[in-house]
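The values are calculated or read from the model by the stated rules, or taken from the named source; none is laboratory data. Not measured: the values here are computed from a predicted model. FYI the Cβ positions are ideal-geometry reconstructions off the backbone, even for glycines, and counts take in every protein chain you see.
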């Protein structure tokens, strides 16, 4: 039986879907996580606590584990484990992306440098130390701009500024966020800088793909029908197949493949975000992992194969034909947090689930939990899934279902 280590941080949504896929493929799973489980000693071959923040130290821990329990592959289920997967796979001589390539995906400034050097469409960008005077920095800028932490994901800490006053406030806000002990520990030295990019107008799409020897197979292209114009960039609806013209879709795919090559990515899942306008398709982010949250549940291939199963088959070298997504349109709404406070209750779930085309309504945050919206927060209230005969009808169903939910927040 093949044994695969899944790197699953304790805060990840992805564990159940990957575990279910592994069971279908008869793969033995070892869970590498960032917190020691109380029952870990009872199943030492099935779970191990690892250092996710120091990938070299974590890789040494994986190597020590593999001396007792051989591993056939190491897979990061989200951003938090991507660097550790690369370092550990290199130590064990397992298939992996180059460490330098993965490091570039986890550092937005390094990513910008690599993409621009390769001639890919790119906004202007400037790296600014957090101890700089934002008023002086703003004097040299052409507005609007977007400020970003270097290594946080999910639009956390990303803020648009349209003038000098807004820039100073956004800079202060991100600096405070990066100074929080848990964030500072997670970001390490990257917490000392903020990236400032020229704002890109246009529509946004997300591409889900699989790299094999640098060749890109497109698994899905998602439209993001809600305008992402700021000041914060909370994502809501993803719908596939894309309604972009075929020529535009080819341009997106070509841009992502060139971007992956510029970063040095060669193998495994890839998730890319792009802005499209009259000047081209601009990569916003390219990550060496699959789509986040529970959004992979929108995707099904062939005879009901999940995205997680596709990834596990690829990682273990199982033979697989090109992955054809099911014919129906599909979409997900990542339910945004409307305001800060304590969640008392969520009403209307049954009504939302009864909307035609809605497949499920998943509320991820329990009553009593504290809600922190973007740009400081890093969670969604939940996920709504729909499938139908057209992207437009799927989008409409998601909006109708969301409108039926009522959130009581103190």
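Going through region 281-305 one residue at a time, which ones are closer than 23 Å to residue 101 by Cβ and either in the same structural domain as residue 77 (by TED's automatic domain parsing) or part of a strand (DSSP E or B) (or both)?
Within region 281-305, 281, 282, 283, 284, 285, 286, 287 meet the criteria.
Looking at residue 73, is it touching a strand residue (DSSP E or B) at 6+ places or on another chain (Cβ under 6 Å), under 26 Å from residue 210 (Cα atoms) and touching a residue at least 60 places away in the same chain (Cβ under 8 Å)?
It is true that residue 73 is touching a strand residue (DSSP E or B) at 6+ places or on another chain (Cβ under 6 Å), under 26 Å from residue 210 (Cα atoms) and touching a residue at least 60 places away in the same chain (Cβ under 8 Å).
Just checking, how many residues over region 10-21 are in contact with a strand residue (DSSP E or B) (Cβ under 8 Å, 6 or more places away or on another chain) and surrounded by fewer than 21 Cβ atoms within 10 Å (Cβ to Cβ)?
Residues in region 10-21 being in contact with a strand residue (DSSP E or B) (Cβ under 8 Å, 6 or more places away or on another chain) and surrounded by fewer than 21 Cβ atoms within 10 Å (Cβ to Cβ): 5 in total.
Here is a yes/no grid of residues against (1) buried (at least 19 other Cβ atoms within 10 Å of the Cβ); (2) farther than 17 Å from residue 361 by Cα; (3) in contact with a helix residue (DSSP H, G or I) (Cβ under 7 Å, 6 or more places away or on another chain); (4) without any contact (Cβ under 8 Å) to a residue 60 or more places away in the chain:
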residue: 303; (1), (2), (3), (4): no, yes, no, yes
residue: 309; (1), (2), (3), (4): yes, yes, yes, no
residue: 315; (1), (2), (3), (4): yes, yes, no, no
residue: 318; (1), (2), (3), (4): no, yes, no, no
residue: 329; (1), (2), (3), (4): yes, yes, yes, no
residue: 335; (1), (2), (3), (4): yes, no, yes, no
residue: 338; (1), (2), (3), (4): no, yes, no, no
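Considering 344, 393, which residue is in a helix (DSSP H, G or I) and either over 20 Å from the mean Cα position of the chain (by Cα) or at positive phi (or both)?
On the way: 344 fails: in a helix (DSSP H, G or I).
Exactly one residue qualifies, and that residue is 393.
Look at residue 253 and say whether it is outside any strand (DSSP E or B), under 19 Å from the mean Cα position of the chain (by Cα), over 28 Å from residue 390 (Cα atoms) and modelled with pLDDT of 95 or more.
No; evaluated as a whole, the condition is false for this residue.
With (1) at pLDDT below 95; (2) outside the structural domain of residue 405 (by TED's automatic domain parsing) as the list, and residue 308 as the residue in question, which single condition is left unmet?
If we test residue 308 against (1) at pLDDT below 95; (2) outside the structural domain of residue 405 (by TED's automatic domain parsing), just (1) comes out false.
For region 102-171, list the strands (runs of 3 or more DSSP E) that sit wholly inside it and hold at least 1 residues that are more than 27 Å from residue 373 (Cβ to Cβ) and outside the structural domain of residue 81 (by TED's automatic domain parsing); which are they?
125-129
Among the residues of region 364-390, write down those that are within 14 Å of residue 332 (Cβ to Cβ) and more than 19 Å from the chain's Cα centre (by Cα). Spell out the reasoning first.
Taking region 364-390 and keeping what is within 14 Å of residue 332 (Cβ to Cβ), we get 364, 380-388.
Passing the criteria: 386, 387, 388.
Let's see how each residue does on (1) under 27 Å from residue 277 (Cβ atoms); (2) in contact with a helix residue (DSSP H, G or I) (Cβ under 8 Å, 6 or more places away or on another chain):
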| position | (1), (2) |
| --- | --- |
| 149 | yes, yes |
| 182 | no, no |
| 185 | no, no |
| 229 | yes, no |
